[in-house]
2 protein chains.
Amino acid sequence: VSAFVSTNAVRRVNVVGLGLIGASIALALTERSWIVTGVDADAAVGPEAVRRGLCAAVGLERDVELTVIATPVGQVPAAAQKALHDTTGIVIDVGSVKANIVAAVDDPRFLGTHPMAGSEMHGLDGADPSMFSGAMWVLTPTPSTPDSIIATVGAIVSSLGAEPIVLTADHHDSLVAVVSHVPHLAAASLMNVANAHADDHAALLRLAAGGFRDMTRIASGRSDIWLDICEANRDAILEGLDALVAALTSTRAVVAEGQRDVLRALLDTARAGRANLPSRVARPQDLAEVRIPIPDRPGPLAEITGLAAQLGVSIADLELSHSVEGDRGVAIVLIEAAQADLYRGGLLAKGYKPSVRPLS
Amino acid sequence: VSAFVSTNAVRRVNVVGLGLIGASIALALTERSWIVTGVDADAAVGPEAVRRGLCAAVGLERDVELTVIATPVGQVPAAAQKALHDTTGIVIDVGSVKANIVAAVDDPRFLGTHPMAGSEMHGLDGADPSMFSGAMWVLTPTPSTPDSIIATVGAIVSSLGAEPIVLTADHHDSLVAVVSHVPHLAAASLMNVANAHADDHAALLRLAAGGFRDMTRIASGRSDIWLDICEANRDAILEGLDALVAALTSTRAVVAEGQRDVLRALLDTARAGRANLPSRVARPQDLAEVRIPIPDRPGPLAEITGLAAQLGVSIADLELSHSVEGDRGVAIVLIEAAQADLYRGGLLAKGYKPSVRPLS
């Protein structure tokens, strides 16, 4: 083995845990010419992954550049310790809560990470090598993590199309509590408040229009992973819930006292914040938002999206926004600002009434 | 004038207030051969509505079957009193809060109503005669409202395609507080909690993925109407906010104490409630839900919706559901259950992996 690393050197990686994320990482790296060795707690999964071409071999290779721990969060510390002992390279995990893992695996060769990506699929069937394209991938180094490890892992996740962001583990946990964990619990709580009323009159749910459906959509997800998340990120979630209860309590006081100006400021601030939510694409300043009221006839979405394809306009994001009390919608399409006129012309020609604004 | 009402008799209606809802009602009734007289606080709007064919004349006709008050909520009582004095027929309003209006306009010829419909458009430009098709239209009679008036108004809103639901005004107000007003304030509060964190690190908003976008979408609406609604429906909104704060506080305790089973039950109840939300179509038992994971390539929505059109499959509702932490989505399409196999076959042929389940 040469002491010099050739740029054409074969790169080797272990992937421990071949669920949705692990399998997607394995496939993405295989496609980028890495030699991937994979293993899963279910002994049947590794050989099946080899058969499907997701990885080259089953097991845990000693001499690798990287080992990715993609087990359920609770098993990460033990799996990471084993990989640090049995292999020579960098070890990272991809769990959705970081502080407890980083504390449990205190080793300069270990780096906690969290790709902000996923899908509703499971296991090998959901393996998607482009899953990380355009996604944020958080890295949570400690003071003892060498810069070289941060740089190497950052380059690898970039090669998968993700954008690496470095945060402390505590900061990561508090941020995802606010944008993911607390909203999920709030959606469940809203749904349960409605459920309580529904017992006394079924009419309530029939009155639930688009806005309510949008708000409670994430409450329809599987509950299993949330039990682990609520345990692993308890402190940050409690802090986020306290902040939300405080905000609601303060809103309640404003409504009770009829302070219109304060309420207006509160709603306008929220509106401005919502308008500034960045899209999946990395450069929001280059995007334009096209709002297209959807007429009540068959096929407008097909026409709107088909027209974009026809004109070569790339859709970065598409939302259906329901009105406050109706089910009528507006399609909100994010496209490259440079293509806005082209798309607008096409939409007008088809009889739509689009409005365009820059995203930032 | 004959004392006998012919079934072929010309039917006359006044519409007071030609904003989005008033203009849509005017146009819908004009299309159904009513003679519509319209008026608006803005003196230019009435003549323009006549020019566009939304109504036949400007003003307030004395001998009409019905007068619809479609002004902003704050002006409804005065406008209704004037219509009760100056005209001979039934008077209804279409405001989104009912108890204060029904109390202020205590007359057996008056019936409070609320069509659960709307769009993001405004004024005459948004006039859409099919806006009420498939929508719930709440009627809030008092003990002094004659059955004949409820029946007449019910038949008229049915003729516009809406489904009339009779509720007391108080009950209506408490239900819309739960499904509309409180969710809006909760979305604003969530967004503002995130905003507060964003000040200390812009990374937060970049981590906000699909679920957060879904939950806060309604916070992007105009704040003006919410100031009126919070004033008019204060008591029910305060009660709903209290229920939400109580639910969040109880969830907080469960998370703090690590009661996994209680938390699982709470999340599962919410999930079941969300799954039972009825769709816009009146008979959910005849519908099937098709979930279609969306691959990362251009045009899947165009293909999915275009295929439905090609196969003659009618889409009752379409949602894009984002995964918990990614921006990858699943299209959730509601179709007639009888067409589910046809559509599924087509989707499989195009390489999608749809799953189908009955809605109820």
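Here, each number is a calculation from the coordinates, and none is a lab measurement. Quick caveat, the model's predicted, so the values are computed rather than measured. Heads up, the Cβs are rebuilt from the backbone with ideal geometry, glycines too, and the neighbour counts pull from every protein chain shown.
Key figures for this structure:
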| read-out | value |
| --- | --- |
| Cα-based reach from B:LYS82 at 30 Å (exclusive), listing lysines while leaving out same-chain residues under 8 positions away | B:LYS98 |
| Copy-to-copy label separations for A:SER159, where each label sits 7 Å from Cα toward Cβ, in nm and ascending | 7.2 |
| Relative contact order (%) - chain A, alpha-carbon pairs under 8 angstrom, separation at least six | 11 |
| Shortest-first nm distances, B:PRO358 label point to equivalent points in other copies (7 Å, Cα→Cβ) | 5.5 |
| Modelled FRET efficiency - R0 41 Å, B:VAL10 with B:SER314, Cβ distances, 0.05 increments | 0.70 |
| Length gained when the stretch A:ARG51-A:ASP106 is fully extended (0.36 nm per residue, less Cα-Cα span) | 16.2 nm |
| Most fluctuating residue given options A:THR249, A:THR145, A:THR216, as computed from a GNM of chain A linking Cα atoms under 10 Å | A:THR249 |
| Check: the stretch B:1-102 dipole with +1 on Lys, Arg Cβ and -1 on Asp, Glu Cβ, in debye | 140 |
| Student exercise, chain A dipole from Lys, Arg, Asp, Glu Cβ charges, in Debye to nearest 20 | 980 |
| Alpha-carbon centroid distance for the pair the stretch B:235-278 / the stretch B:83-135, whole angstrom | 34 |
| Charge dipole (chain B, unit charges on Cβ, about Cα centre) - positive-most of B:ALA23, B:ALA83, B:ILE149 | B:ALA23 |
| Cα convex hull volume per residue for the protein assembly as shown (Å³) | 165 |
| The stretch A:1-120 shape via C-alpha gyration tensor axes, a/c threshold 1.5 | oblate |
| Inter-copy spacing of A:ALA265 label points, which lie 7 Å from Cα along Cα→Cβ, given in nm from shortest upward | 4.4 |
| Tilt relative to chain A, helix A:260-275 - C-alpha long axis, 0 to 90 degrees, to 10 | 40 |
| Kirkwood Rh, angstrom, the stretch B:109-149 [1 / mean 1/r, Cα pairs] | 12.2 |
| Hydrodynamic radius of chain A per Kirkwood, over alpha carbon pairs, in Å | 23.3 |
| Inter-label distance, nm, simple model (7 Å from Cα along the C-beta direction), A:ASP224/A:ASP42 | 0.9 |
| Total charge dipole magnitude, the protein assembly as shown, about the Cα centre, Cβ charges on Lys, Arg, Asp, Glu only, Debye to nearest 20 | 1340 |
| Förster radius 22 Å - calculated FRET efficiency between A:ARG264 and A:SER355, Cβ distance, rounded to 0.05 | 0.40 |
| 0 to 90° range, to nearest 10: angle between helix A:234-256 axis and chain A longest Cα axis | 10 |
| Distance in nm between pseudo-label sites at A:ALA196 and A:ALA78 (7 Å out along the Cβ direction from Cα) | 4.0 |
| The stretch A:28-68 pair-distance distribution - Cα-Cα, 5 Å bins, rounded % | 6, 27, 32, 25, 11, 1 |
